[in-house]
1. When the accessible area of the stretch 222-270 is split by element with a 1.4 Å probe, what percent falls to carbon and sulfur?
2. Based on C-alpha coordinates, I'd like the Rg and Dmax of the stretch 101-155, in Å.
3. Need the C-alpha centroid separation for the stretch 179-235 versus the stretch 98-139, integer Å.
4. If the only charges are +1 at each Lys and Arg Cβ and -1 at each Asp and Glu Cβ, what is the size of the charge dipole of the chain around the Cα centre, to the nearest 20 debye?
5. Along its principal axes, what span do the Cα atoms of the stretch 33-178 show, with the longest given first and each in whole Å?
6. Tell me which label goes with the value of mean projected area of the Cα convex hull in nm² computed from the coordinates here: (1) 13.2; (2) 18.2; (3) 15.0.
7. Normalised by the residues of the stretch 49-148, what does the relative contact order come to in percent, with Cα pairs under 8 Å and at least six apart?
8. I need the P(r) histogram for the stretch 148-225: all alpha carbon pairs, bin width 5 Å from 0 out to the longest distance, whole percents.
Amino acid sequence: MRFPAAIAVALASVALGLGCGGNSTAAHPPPSQQAATVDKGRFDGAAALSWVKRQVDLGPRPAGSAQSRKLAKQLRKALPHGHYQAVPGGLRNVLGSVPGRDPKRVVVVGAHYDTKDIPGFVGAVDAGSGTAAVVQLARTIKPRSARPTIVFALFDGEESPAGRPESEFEKYGIRGSRVAAASLTHAESMILLDFVGNNDLKLPREQNSDRALWAKLRAAAATAGVVDRFPASTYPPVSDDHIPFIQRGIPSIDLIDFNFPCWHKTCDDMSQISESSLDATGEAMVRLLATL
C-alpha cells in the first residue's frame with residue numbers, strides 16, 4: 001500500500017525514534033508473554049499466529065516468486081473451496097468461500113499475501129498478519145452461520161514491482177484486487193485486513209473506509225471486548241486493496257495500523273507480531289460477520 005506523503009514522514013519519524021529491531025522487549029513483550037492476555041473466544045489467535053510464522057519461514061515472497069507460489073499452494077488448501085484466480089503477469093489470487101443463509105448476498109474479506117520486493121524483507125505484519133487472520137477466519141466461520149456468503153480473497157501483486165515509484169502505486173500495484181473486484185461486482189461490502197497483528201495495535205477508521213460499515217465493526221469490537229483496538233478517530237486516506245472495490249461502488253473498509261515503524265523495512269519480522277492483536281482483530285471480525 002502507499003501512504004500519503006505526510007503519513008510517510010510521520011512513520012519515518014516514529015521509526016527513527018523507536019528503532020526497527022525487535023530488541024525493545026519492555027515496550028513489546030514477546031508473544032509468550034502477550035498470550036497471557038489473549039481473549040479465549042471464538043477466534044483462535046494462536047492458530048493465526050502459526051500462520052504468520054509459516055509465511056515468515058518461507059522468507060521473502062514477492063509477487064511471482066517461487067516462494068510466493070509455494071505459499072499460494074498452502075493457502076489454496078487452507079481456504080474452504082480454495083481455488084486460484086488468474087492475475088495478469090502470471091500472478092494469481094487465492095479465493096475461498098463459506099456459504100451463507102442467503103445465497104444472493106456476498107461479503108468479501110480480503111488481504112494481500114505478497115511481500116514488497118526488498119532483500120531480506122519477510123513481511124510478518126505487512127502481508128503476514130492480514131493473510132493469517134483471513135485464513136483463520138475462513139476456518140472459523142461455519143457454513144450458514146452468517147446471512148451472506150463470505151468470499152475470502154487473498155490478493156497477489158498488491159505491492160508495486162521493484163523499480164516502480166510509490167507515487168504511481170495505484171497504476172502498478174493492487175493488481176490482484178483489481179481482478180477480484182471486477183469479478184465480484186455483486187458483493188455488498190468488502191473488508192480488507194492489512195496491518196492487523198502488530199504490537200500495540202490501534203485501528204482507527206482510514207478515511208476512504210465506509211463510515212456505516214466501520215461503525216458496525218466498532219460495535220462488534222465492543223461486543224467482543226476489544227473496542228480499545230478500534231479508536232473513534234480517523235486517519236488520512238491510504239491507497240490499498242479496498243480501492244478497486246470502492247471504485248465499483250462497493251462499501252469497503254481497510255483495517256490498517258498506520259503507526260507501524262517497520263513498514264517496508266527488514267525489521268518487519270516475528271518480533272513485531274502480537275498474538276493478542278491477531279486475536280482482537282479476529283474476535284471483532286467474527287462478530288461483525290455474524291451481524292451483516
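1. Values: 940 of 1810 Å².
Carbon and sulfur: 52 percent of the exposed surface of the stretch 222-270.
2. Computed over the Cα atoms of the stretch 101-155, radius of gyration and Dmax are 14.0, 46 Å.
3. Comparing the Cα centres of the stretch 179-235 and the stretch 98-139, I get a distance of 13 Å.
4. Working: 33 positive and 28 negative charges, 230 e Å.
Dipole of the chain, to the nearest 20 debye: 1100 debye.
5. 45, 43, 27
6. (1)
7. Details: 146 pairs, mean separation 35.9, N = 100.
After rounding, I find 36 percent.
8. Spelled out per bin, shortest first, that is 3, 11, 16, 20, 23, 15, 8, 3, 1.
The values are calculated or read from the model by the stated rules, or taken from the named source; none is laboratory data. Remember, predicted model here, so these are calculated numbers, not experimental data. Heads up, the Cβs are rebuilt from the backbone with ideal geometry, glycines too, and the neighbour counts pull from every protein chain shown. When the accessible area is computed, the model is the full protein with side chains, heavy atoms only, and any ligands, DNA or RNA have been set aside. Shrake-Rupley method; radii C 1.70, N 1.55, O 1.52, S 1.80 Å.
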